[in-house]
Ligand code: MN
């Protein structure tokens, strides 16, 4: 069939498991109006949509897949006609060959034809996964759009929301009770991120609504693994130290990177993992109002496990054992979540309680003092404050926990922020602040510390790193 010349010219028979298109089955099977959608994990994930027509499969590559709702139009690029034998093809096209990558039969069935012209095709698909009325229309050359025209039979399909703010936990000194009414998870010492997956594409948004996708290229494959399932997940981005323990310090060099090339290099050197612990939207439905344990069951049904993403466990009851296990394995602490509780976006809720071994506090950097010896004249310690009823309140000086590289980085960030006088009102302890260089209170960091002193200072603070995901007015004093 001459219609298949392009198809054959792009492929090496014998090097790809795809059908050659030489068999003359076309006439016998003509007019059956079959269709197939193949999920194709090529260099860029896409879905190949093929309609049987005049003895061949007329084909489009749809980068984000067929839309499930009536509000979303999706791009479709017409590709070469494929042989009918391609209707049941799935398998691995070897790397280096045309379309190299895995092909999965995503859906197949028959269709009713409503209209077929050079620029517009209207069909009603009857498949296992797709059942609905679609129109494809040409916008220019091989560029088309595909649009769903009817509402799904089981109710409207809601597109992935733009923003769901993460639910926040209250801090507790001890585990809440009664034990059998709570679920427990390990607390991961990383940075919070909500993951949005639509058409196999991942978008990561930080706690302060910043799109941080570019900083973590190794997580992109999680979107591809979810394939056509639109989902919003809540979780933590975590880096690991040499002992393979979550390390907020190790994550520091990844958090601020906005250059794609640099992020790629760092993803080789210090890779991160996304630890998913909640699901907020799935397959066109919000899941926020489901009870905690049902959301967890739904999350586990996704079997999210890859080189750079996991679904860590949760435990029903047995909180003290989980807390002990966290301490033994060097984890930061435990998150207790009330069974039956809904997900409350953007709210700090008593339904989630964090109990930490390591006491940490966020603080605003208000100045620095020079170091000793080798660091004479250079930044040696930071002066910290927290928001208070009338502005800022000084809480102490931190001079440990820094590497030289971190000190240099902080010096660079603080240089343009210098101001003449302290941003902290009132009297300051002269022994701590002598020789200080004051800065605008803009940068937020985090320290570990022993306890609060009676005069409201941090005892034994140790620097953990900057918190670019927090703004100064978000800093809260934890008891
Ligand atoms: Mn393809």
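The values are calculated or read from the model by the stated rules, or taken from the named source; none is laboratory data. Note that the structure is a prediction, hence the values are computed from the model and not measured. Quick reminder, even Gly has a Cβ in these numbers, built from the backbone with ideal geometry, and neighbours come from all protein chains shown.
In region 100-115, which residues are buried (at least 19 other Cβ atoms within 10 Å of the Cβ) and within 14 Å of the ligand (Cβ to nearest atom)?
103, 106
Might you let me know whether region 27-35 holds any residue that is modelled with pLDDT of 95 or more, assigned by TED's automatic domain parsing to the domain that holds residue 14 and within 16 Å of the ligand (Cβ to nearest atom)?
Yes, region 27-35 contains a residue that is modelled with pLDDT of 95 or more, assigned by TED's automatic domain parsing to the domain that holds residue 14 and within 16 Å of the ligand (Cβ to nearest atom).
For region 91-126, name all the residues that are within 22 Å of residue 225 (Cα to Cα) and part of a strand (DSSP E or B).
Answer for region 91-126, where residues must be within 22 Å of residue 225 (Cα to Cα) and part of a strand (DSSP E or B): 91, 92, 93, 101, 102, 103, 104, 105, 106, 107, 108.
When residues of region 73-91 are filtered for being exposed (fewer than 14 other Cβ atoms within 10 Å of the Cβ) and within 13 Å of the ligand (Cβ to nearest atom), how many remain?
The number of residues fulfilling the criteria is 1.
Check region 40-54 and report whether any residue there is over 19 Å from residue 116 (Cα atoms) and more than 11 Å from the ligand (Cβ to nearest atom).
No, the conditions are met nowhere in region 40-54.
Give region 131-144 a look and list any residue that's loosely packed, with under 15 Cβ neighbours inside 10 Å and either assigned to a strand (DSSP E or B) or in contact with a strand residue (DSSP E or B) (Cβ under 7 Å, 6 or more places away or on another chain) (or both), or say none. Walk me through how you get there before you give the answer.
Looking only at region 131-144, we keep the residues that are loosely packed, with under 15 Cβ neighbours inside 10 Å, and these are 139-143.
Correct list: 139, 140, 142, 143.
Could you tell me whether any residue of region 43-61 is in contact with a strand residue (DSSP E or B) (Cβ under 6 Å, 6 or more places away or on another chain) and not in a strand (DSSP E or B)? Spell out how you get there, then give the answer.
We begin by selecting, within region 43-61, every residue in contact with a strand residue (DSSP E or B) (Cβ under 6 Å, 6 or more places away or on another chain); these are 46-52, 56-61.
So of that shortlist, the ones also not in a strand (DSSP E or B) come out as none.
Among the residues of region 43-61, not one is in contact with a strand residue (DSSP E or B) (Cβ under 6 Å, 6 or more places away or on another chain) and not in a strand (DSSP E or B), which makes the answer no.
Quick test of your reading of the structure: residue 67 fulfils all but one of (1) under 30 Å from the mean Cα position of the chain (by Cα); (2) assigned to a loop (DSSP other than H, G, I, E, B); (3) within 15 Å of the ligand (Cβ to nearest atom). Name the failing condition by number.
(3)
Yes or no, residue by residue, for (1) in contact (Cβ under 8 Å) with a residue 24 or more places away in the chain; (2) part of a strand (DSSP E or B); (3) outside the structural domain of residue 191 (by TED's automatic domain parsing); (4) closer than 26 Å to residue 252 by Cα:
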{"position": "413", "(1), (2), (3), (4)": "yes, no, yes, yes"}
{"position": "422", "(1), (2), (3), (4)": "yes, no, yes, no"}
{"position": "435", "(1), (2), (3), (4)": "yes, no, yes, no"}
{"position": "464", "(1), (2), (3), (4)": "yes, yes, yes, yes"}
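Here's the yes/no breakdown for (1) under 9 Å from the mean Cα position of the chain (by Cα); (2) farther than 21 Å from residue 343 by Cβ:
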residue	(1), (2)
188	no, no
196	yes, no
220	yes, yes
236	yes, no
239	no, yes
243	no, yes
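For region 94-116, what are the residues that are over 29 Å from the mean Cα position of the chain (by Cα) and modelled with pLDDT of 95 or more?
First, the residues of region 94-116 that are over 29 Å from the mean Cα position of the chain (by Cα): 94, 96-98, 108-116.
Those that are over 29 Å from the mean Cα position of the chain (by Cα) and modelled with pLDDT of 95 or more: 108, 109, 110, 111, 112, 113, 114, 115, 116.
Working carefully through the options 162, 119, find the one that is at pLDDT 95 or above, exposed (fewer than 13 other Cβ atoms within 10 Å of the Cβ) and within 30 Å of the chain's Cα centre (by Cα). Before you say what the answer is, go through the steps one by one.
Values: 119 fails: within 30 Å of the chain's Cα centre (by Cα).
None of the others qualify; the one that does is 162.
Could you list all residues from region 334-371 that are assigned to a loop (DSSP other than H, G, I, E, B) and under 24 Å from the mean Cα position of the chain (by Cα)? Please lay out each step first, then the result.
Start the filter on region 334-371 by keeping residues that are assigned to a loop (DSSP other than H, G, I, E, B), which leaves 339-347, 357-359.
Residues satisfying the conditions are 341, 342, 343, 344, 345, 346, 347.
Within region 172-194, count every residue that is exposed (fewer than 15 other Cβ atoms within 10 Å of the Cβ) and in contact with a strand residue (DSSP E or B) (Cβ under 9 Å, 6 or more places away or on another chain).
The initial filter retains those residues of region 172-194 that are exposed (fewer than 15 other Cβ atoms within 10 Å of the Cβ), namely 173-174, 177-178, 180-181.
From the residues that got through so far, the ones that are in contact with a strand residue (DSSP E or B) (Cβ under 9 Å, 6 or more places away or on another chain) too are 173-174, 180-181.
Of the residues in region 172-194, 4 are exposed (fewer than 15 other Cβ atoms within 10 Å of the Cβ) and in contact with a strand residue (DSSP E or B) (Cβ under 9 Å, 6 or more places away or on another chain).
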